[in-house]
Amino acid sequence: MLAERMDRLGTENAFQVALRAMKHQEEGNIVYPFHLGDLNFKTPEPVTEAMFRAVRDGKTGYCPAAGILPLREALAQDINASRGTAYTASNVLIQTGGKPVIGKFLLAFMNAGDEVLFPNPGFPIYESFIEFLGGTPKPYGFLETERGYSIDIEALEKSITPKTTCIIINDFQNPTGSEASREEREKLAEIIHKYKLTALIDEAYFDIRYEGKSRSMLEIEEIRGSCVLLYTFSKKFAMTGWRVGAMLAPDKYIPQLSKLNVNIESCTPHFTQYGALAALQLPESENKKIIDELRIRRDLAVRLLNEVDGVHCPSPNCAFYLYPNVTKLMAKKGFAGNYAEFAEDVLIKTGVSFCTREHFGKKLPGETESFVRLAFSGVNTEQIENACRALKEYAG
């Protein structure tokens, strides 16, 4: 008999949408895959070659649970340069992607019955793991603003109780494509300090931005001792399938966190870490190629989506997701508030496959507007043009 906690384990619903889209395509239909945050770019050749070379050199056995030292040193240096921190290799624990950091953070810092603040809409694995491990999810939402979306700080702070022990902050956010302002980060830091919270800072999309420079919560020195950083190689280096990421944490937590590595997977595959090391050594021009192409896609998709009757789409400055307001379109087509039927109707009639707001958490009290998420990381410009043309015809 399965353990009772299995009933509390959720999933990443984008993969369910992908299965439905695949079935529609297998039936002979055109599908425009905006549903999954994958990248249709090849991993840079030097990264792939470094991995092959490591295999040929016999780097196929166990390695230290924390990860190989050259990678940990290089990543600490990279993070310090971009975020003004002072990490050393001893603060770095290499992981099999970014997701394990979420589970290990909650295993280490959340007791059963504790409340954990997390973004909603947000990456669904946050809520899934909180509930699975016996915690109480406390969602906080976003407000539509002129610059896109911002955290509802006032509602977030009002939801804190004596049982609230942890907060998850996903800056450069999935699904909204928003980034916190300086004022938001400072206020979040005040909240972390005031209520003695432990924070998971998820910056998976820190390096996917189109103008300006990314700033980090970790630049605020006063809260670094209460923060764990989630880092992943997946997005910046088009390495989603490699499953290499990292957790960076204060010295005082490393011994216990490292034991989680030993117990769960022993170590991240040895040879993939040499590929990740090569990724950190790439010239910035390699990353710029990906960013430049993503910017073209973003600008095209935002312009064309805003020409669709009943759709309003802000232009995000980071990540590779669009989060348009489709309230008027859904009402016009007779699907007001019914995301599942709307998404199915759009797929059947246009071939456009996307995730809806409901794939990123339960609707919050008082939430009346409707949104969908479109990832432009796995579609080319021709697909964007054709998809938006089909949507425009669908809207009438």
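Would you check which residues across region 306-321 are under 23 Å from the mean Cα position of the chain (by Cα) and either buried (at least 21 other Cβ atoms within 10 Å of the Cβ) or not hydroxyl-bearing (Ser, Thr, Tyr) (or both) and list them? Selection gives 312, 313, 314, 316, 317, 318, 319, 320, 321. Only a single criterion out of (1) under 20 Å from residue 196 (Cβ atoms); (2) touching a residue at least 60 places away in the same chain (Cβ under 8 Å) is not satisfied by residue 113, namely (2).
When the residues of region 248-264 are filtered to those that are open to solvent by less than 80 Å² (accessible area, probe 1.4 Å) and polar (S, T, N, Q), the one that is nearest to residue 85 (Cα to Cα) is 258. Please go through region 191-237 and pick out each residue that is among the hydroxyl-bearing types (Ser, Thr, Tyr) and either open to solvent by 10 Å² or more (accessible area, probe 1.4 Å) or over 17 Å from residue 81 (Cβ atoms) (or both). Within region 191-237, 195, 198, 205, 210, 226, 232, 234 qualify. For region 71-110, filtered to residues that are of a type in the set (Gly, Ala, Ser) and touching a residue at least 40 places away in the same chain (Cβ under 8 Å), the residue that is nearest to residue 170 (Cα to Cα) is 98.
Yes or no: region 274-282 includes at least one residue that is modelled with pLDDT under 90 and either in contact with a strand residue (DSSP E or B) (Cβ under 9 Å, 6 or more places away or on another chain) or under 27 Å from residue 52 (Cα atoms) (or both). The answer is no; no qualifying residue exists. Among the residues of region 348-396, those identified as in a loop (DSSP other than H, G, I, E, B), more than 17 Å from residue 327 (Cβ to Cβ) and touching a residue at least 40 places away in the same chain (Cβ under 8 Å) are 351, 361, 362, 376, 377, 378, 379, 380. Of 272, 327, 356, all but one fail to be among the polar types (S, T, N, Q), buried (at least 19 other Cβ atoms within 10 Å of the Cβ) and over 20 Å from the mean Cα position of the chain (by Cα); the exception is 272.
The criterion of at least 1 residues that are modelled with pLDDT under 90 and open to solvent by 80 Å² or more (accessible area, probe 1.4 Å) is met, among helices (runs of 4 or more DSSP H) falling completely within region 1-119, by 14-26.
The values are calculated or read from the model by the stated rules, or taken from the named source; none is laboratory data. Worth saying up front: this structure is predicted, and the values here are computed from it rather than measured. Virtual Cβ from ideal backbone geometry, glycine too; neighbours counted across all protein chains shown. These accessible areas exclude ligands, DNA and RNA; they are computed on the full protein's heavy atoms, side chains included. Shrake-Rupley method; radii C 1.70, N 1.55, O 1.52, S 1.80 Å.
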